[in-house]
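Have a look at this one before I ask anything.
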Amino acid sequence: MNLDQYRAAFLTITLVLALIAAAPIMNVTVSLPSPAEAFSELWVLGSNHTIAEYPLQMKVGSVGRLVLGIRNNMNYPVYYLLKAKFRNETQPFPDAIKGEPSPLPSLYEFRFFLENGKTWETWFNFSIRDASFSQESCLVKSIVVNGTPISMNVTSLLSPVKNGFYYQFFFELWLYDSKTQSLRYHERFVSIWTNIVQ
Amino acid sequence: MPPPKRVLAVGIVFAVIVSIALRGALAADEAASTLELAENSLASSYGAVFDAGKAGANVTALTRELDNAGFLLSKAYLEYRVGNLSGSIYFAELSHNVSSETMLRAMQLKEIAASEAARRFWLTVITSSASIIVIILMSYILWQRFRRWYQSRSRVLVR
């Protein structure tokens, strides 16, 4: 090796060492975009954390138990609002194509804050407190959700195909949008149907 | 001429009904405005915690406090929905208080985190820059010595 080749080797080693020494500066000055796709997971399960325990048939007065869960993968801490709603087969459902929530009022709401990568779960205990039945219809007048009685008047007609009075609990996920400074529908919902019997 | 007793009684009953209705309407207005206040307070508090987290503060404890405030606000909405206005006002005020305290703590934490981040940034810049200068100097000195040694060795070999 001649002197020029040694000079080149010295320069290369110096440059590499200088780059290694400069790495912490780059770390604090250059911010890379978040690599992960931003989304939220939402689930509803039966009391044993399985779908086998779904309360698909409810007697008036009996208690149904559901587990509601959310996992934040939005890459930032999120302010979530989970709206529990109740409807019969003809009342409006969230529009999955337009991404719009159901216009029905909430039965119950959960507000909570979740850091990125964290999971939140809660119980949703409900029972039909008061309902009247005729041969062709069922009128639910009151539901108890997590110990709070809520009055309503929701009628379901007898379903000739399924032979029962079917109602649906559905849970819409909303989140706080810092840009608009308001809660907006996150275009996610889960639901279960339950047949109410005397 | 004094009014007949019947007219007076009807007047009193009417006044009582109007005052009860008025009180109910005022309570509903108060509950709605307290809910709005609590809602805004919670959103502002979330913004402050979010900013503190971005500044590098550990916001786990604050997130738990926000959770409490959110739970209380949900409870306030539920009480409002079932017609318990005093209960709704009570929970909304509690939520507002928790949110306000959390916001203050988040702002303090953000300031601490920001000054800590600035200190860390300058420390990093200074130590890295110093390291680069030392590496370049050491490399130059080593190169000079090596070159002298190489040239002297070449002269010996030529002789």
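The values are calculated or read from the model by the stated rules, or taken from the named source; none is laboratory data. The shown structure was predicted, so the numbers you read here are calculated from the model rather than taken from an experiment. All Cβ positions, even for glycine, are placed from backbone atoms using ideal geometry, and neighbour counts span all protein chains on display.
Could you say which residue among B:Arg120, B:Arg105 is facing another protein chain (nearest Cβ under 10 Å) and either closer than 30 Å to B:Lys54 by Cβ or modelled with pLDDT under 95 (or both)?
Sole residue among the options that is facing another protein chain (nearest Cβ under 10 Å) and either closer than 30 Å to B:Lys54 by Cβ or modelled with pLDDT under 95 (or both): B:Arg120.
Listed here are the residues, each with its yes/no results for (1) touching a residue at least 60 places away in the same chain (Cβ under 8 Å); (2) farther than 21 Å from B:Ser74 by Cα; (3) part of a strand (DSSP E or B).
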site	(1), (2), (3)
A:Ser151	no, no, yes
A:Phe171	yes, no, yes
A:Lys179	no, yes, no
A:Glu187	yes, no, yes
A:Val190	yes, no, yes
A:Thr194	yes, yes, yes
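Out of (1) loosely packed, with under 14 Cβ neighbours inside 10 Å; (2) outside any strand (DSSP E or B), what's the single condition that is false for A:Glu121?
Status for A:Glu121: all satisfied but (2).
Here is a check on your reading of the model: is B:Lys110 buried (at least 16 other Cβ atoms within 10 Å of the Cβ), more than 12 Å from every other protein chain (Cβ to nearest Cβ) and either of a type in the set (D, E, K, R) or closer than 25 Å to A:Trp120 by Cα (or both)?
Against the criterion (buried (at least 16 other Cβ atoms within 10 Å of the Cβ), more than 12 Å from every other protein chain (Cβ to nearest Cβ) and either of a type in the set (D, E, K, R) or closer than 25 Å to A:Trp120 by Cα (or both)), B:Lys110 qualifies.
Confirm whether A:Leu32 is out of contact with any Leu (no Cβ under 9 Å at 6 or more places or on another chain), within 9 Å of chain B (Cβ to nearest Cβ) and not β-branched (Val, Ile, Thr).
no
Another question, then. For the structure I just gave you, tell me whether A:Ser47 is of a type in the set (S, T, N, Q) and more than 14 Å from every other protein chain (Cβ to nearest Cβ).
When the stated conditions are applied, A:Ser47 passes them.
Please work out if B:Ser19 is free of Cβ contacts under 8 Å to residues at least 12 places away in the same chain and out of contact with any Ser or Thr (no Cβ under 6 Å at 6 or more places or on another chain).
Against the criterion (free of Cβ contacts under 8 Å to residues at least 12 places away in the same chain and out of contact with any Ser or Thr (no Cβ under 6 Å at 6 or more places or on another chain)), B:Ser19 qualifies.
Take the residues in the stretch B:123-159 that are within 39 Å of the chain's Cα centre (by Cα) and within 8 Å of chain A (Cβ to nearest Cβ); name whichever of them is surrounded by the most Cβ atoms within 10 Å (Cβ to Cβ).
In this case the residue turns out to be B:Ser128.
Quickly run through the stretch A:153-169 and pick out the residues that are at pLDDT 90 or above and not in a strand (DSSP E or B).
The answer is A:Phe165, and nothing else.
Return the residues of the stretch A:107-129 that are over 27 Å from B:Tyr80 (Cα atoms) and either charged (D, E, K, R) or more than 10 Å from chain B (Cβ to nearest Cβ) (or both); say none if nothing qualifies.
Those that are over 27 Å from B:Tyr80 (Cα atoms) and either charged (D, E, K, R) or more than 10 Å from chain B (Cβ to nearest Cβ) (or both): A:Glu115, A:Gly117, A:Lys118, A:Thr119.
Still on this structure, please answer the following. Quick one: in the stretch B:51-95, which of the residues that are within 9 Å of another protein chain (Cβ to nearest Cβ) and outside any helix (DSSP H, G or I) is nearest to B:Met107 (Cα to Cα)?
B:Val59
Same structure again: Taking the stretch A:60-106 on its own, how many of its residues are among the polar types (S, T, N, Q), within 13 Å of chain B (Cβ to nearest Cβ) and crowded, with 16+ Cβ neighbours inside 10 Å?
2
Can I ask one more? Regarding A:Phe133, is this residue farther than 30 Å from B:Ala76 by Cα and surrounded by 17 or more Cβ atoms within 10 Å (Cβ to Cβ)?
Answer is no for this residue.
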